[in-house]
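Input: a single structure, listed below in structure tokens.
Values in this text are rule-based calculations from the coordinates and carry no lab data. Note that the structure is predicted; figures quoted are calculated from it, not measured. All Cβ positions, even for glycine, are placed from backbone atoms using ideal geometry, and neighbour counts span all protein chains on display.
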Amino acid sequence: MNPWQENGINEDGQRNGAVKERSQVFNPKTEQWVKRDSNTGQFIDVNQKGQPHKGVRREK
């Protein structure tokens, strides 16, 4: 099986698809993206660069 044909385990250890049970929302006051845990609603991480987190879905 070739790793580029199916969405399985990648040979170099990188993520395939989105991060599960996480979401992100933009904070307009600080102009930063904040990562949240979808189960508990707690804020986990803030991206200081002002760019969204990679592989994490966005909230509406």
Quick one: what are the phi-derived ³J(HN,Hα) couplings along region 18-29, Karplus 6.51/-1.76/1.60 with θ = phi - 60°, whole Hz, x for glycine and proline? 7, 6, 7, 6, 9, 8, 9, 9, 8, 9, x, 5
Treat each spin label as a single point 7 Å out from the Cα along the C-beta direction, and report the K49 to R15 distance in nm. 1.3
Can you check what the net charge comes to around V19, using other residues whose Cβ is under 15 Å from the Cβ of V19 (Lys, Arg +1; Asp, Glu -1)? +4
Within-11-Å neighbourhood charge of S38 [Cβ basis; K, R +1; D, E -1]: +2
Quick note on D45, D12, ordering by fewest other C-beta atoms within 10 Å, gives D12, D45
Using a cut-off of 13 Å between beta-carbons, work out the net charge of the residues near V56 (Lys and Arg +1, Asp and Glu -1, V56 not included). +4
